[in-house]
Amino acid sequence: MITPVNSNLQPIKTSIFYINDYHGKSINMERTVTASNGFDNSRKQSVDKLKLSSGDIMLGEVEPTNMVAVKAQNIMGISASAVGNHEYDMAEKVQDVIPDMKYRLLACNVHVSPENPYSKKIEKSYVQDINGHKYGIIGTSPTDLFSRVKYGKIFQQFKIDDIGQTIKDIQTEVDKFRQQGIDKIILLSHTGFGYDQRIAQETDGIDVILGGHSHNLLKSVEPEYNMFKSKSGDYVVITQAGRDGKNFGILDLEFDNSGHITKVKNSVTGTRGFKRNAPVRYIFDQILGKPVVVGQVASAAPPLNNDLIEPNPHANFVVDCIKEELGCDIALLSAANVRGYFESGNLDSQVLDEISPFRNRLCIVPCNEKDLVDAIKRGCSSMIKSNNKPGLFHPSGLKYAVSRSGELKDMTYIDKSGVEHKINVQNPDPNKIYRLGINDYCAQGNDGFSMLNKYDKAEKIFDFDLIKCVEDHFKRDKTPVTIKDDGRVKVVD
């Protein structure tokens, strides 16, 4: 309960259904459609209902995956979305899906070259009228956009404001609304939770920040954590529902007649408890193709609680398939690239796609021991970061131990004969070279892995991603696999 600034005998009741960072996960989109329908049926007509997205619902370059993301948001009735970094992945190809978008794309802090298809689609803000009540909706793209995209050409077509200027951009849009008498203002932010906390306190006039990008799971409303006072002392509520469509949120609010929040309740619910919507599943199958069985899983470890910093048996199996396919000395798979899990029974192509929906091509690059150790250390540092990014590396041909305080304790290289060779993590050999199998995103030094920026020196660049490696494994060996932790990555005290 928030003490009202102005008394209002008939408060304006508002309910916001919100999503963020689904990353092309179609199965969870199907479940979220079911949840969205339930939301529609559970709210009275007198309640102002909004459905909004904070971005990264699309993912990668594959048009069918992005078309599914567009369809899902259309079906749910999403009225607007922030433009996340993954909405930019398609570059010029986005012109093929833009005509199907029935929702607005918002980013007040990005400047788009006229030749890019996004130039006519992205807006800074807009006004939504519900039951005679006006809401000002603003959007932002991530200020670290260029560290999150693969292709250099995007640098020439987009300019992104830094966080200081972004805060000014947001305030400019807020002031425009206030001049029109609009006093209920929502920001769709894809800047990350840390910056959202700053935006809440350094602006004046925002009521709600629906966040994304940093994948925080904010299940309630806690003062000085995800509820702050603005420059003028009014309350600002921040939400975010994790990543990969594992959850959606509903924010229930009451406003007084001056647009001040007097009541707030934030509810975050897991999508796994909802049935996949059958009509939507049929539509998605028409776009993605009907799933086919590619292999059998005898048994599998349960999903992880935090898949960025926990040893991951699901990732271990995949990275073993990569090493097997490429014939390299060591293969590495970033935790950020693993977005699903195996279950016992038939493994079909749709489930496999969702385990890693990115379509990053694989390559073999020369990597000296020092750079290898530095890359693993950077991943280990995720243990103590608030958002646990960029996440651990899952290895094949390598094993290591990391402390809960983020220190790489030891590491061992396992050669193709199974012989183990201890690596001195304090003094790695810069002259020892390994043939490293990795995806092109990491091989271009993204996510701060500058020590792996070796794409230009690649021995070989393949025209396939890790999905083919798993499929080819089952073609070679039809034996049902057991997905279990083998201790190659250990977290120690």
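Once the Cβ-Cβ distance between Lys432 and Asp456 is put in as r, and R0 is 25 Å, what FRET efficiency do you end up with, to the nearest 0.05? The calculated FRET efficiency here is 0.75. Kirkwood hydrodynamic radius computed over the chain comes to 23.6 Å, based on all pairs of distinct alpha carbons.
Considering only region 291-492, what is the antiparallel percent among its DSSP beta bridges, to the nearest 5?
Within region 291-492, antiparallel bridges account for around 75 percent of the total.
Between the exposed loop cleavage positions of the chain, defined as chymotrypsin sites (Phe, Trp or Tyr not before Pro) in a non-H, G, I, E, B DSSP state with at most 14 neighbouring beta-carbon atoms within 10 angstrom, the longest gap is 226-463. The DSSP beta bridges internal to the chain are antiparallel in roughly 60% of cases.
Provide Ile199, Ile19, Ile261 in ascending order of the number of other Cβ atoms located within 10 Å of each residue's Cβ, fewest first.
Ile261, Ile199, Ile19
Stretching Ser42 away from Asn346 to a fully extended chain increases their span by 105.8 nm, per 0.36 nm per residue minus the current alpha-carbon distance. Where a Cα-Cα gap under 22 Å defines reach, which lysines qualify for Lys389, not counting those fewer than 8 residues away within the same chain? The reachable lysines, counting only those whose Cα sits under 22 Å from Lys389, are Lys25, Lys150, Lys219, Lys246, Lys370, Lys377, Lys399, Lys409, Lys454, Lys490. Of all beta bridges that DSSP places with both ends in region 183-242, some 35 percent have antiparallel geometry.
The Rg/Rh ratio for region 184-339 is 1.10, where Rg is the radius of gyration of the alpha carbons and Rh is the Kirkwood radius.
Assuming R0 = 45 Å, what is the FRET efficiency of Lys468 and Tyr225, from their Cβ-Cβ distance, to the nearest 0.05?
0.55
Between Ile384 and Gln201, the modelled labels are 2.3 nm apart [label points 7 Å from Cα along Cα→Cβ]. Left without a cysteine partner by the 4.7 Å Cβ rule in the chain: Cys108, Cys328, Cys363, Cys367, Cys380, Cys442. Electrostatic bookkeeping for Asp252 treats Lys and Arg as +1 and Asp and Glu as -1; over the other residues with beta carbon under 11 Å from its beta carbon, the sum is +3.
Any read-out appearing in this document is the output of simple, stated calculations on the displayed coordinates, not a laboratory observation. Here the structure is a predicted model, which means the values were calculated and not measured. Glycine gets a Cβ as well: all are built from the backbone with ideal geometry, and neighbour counts include every protein chain shown.
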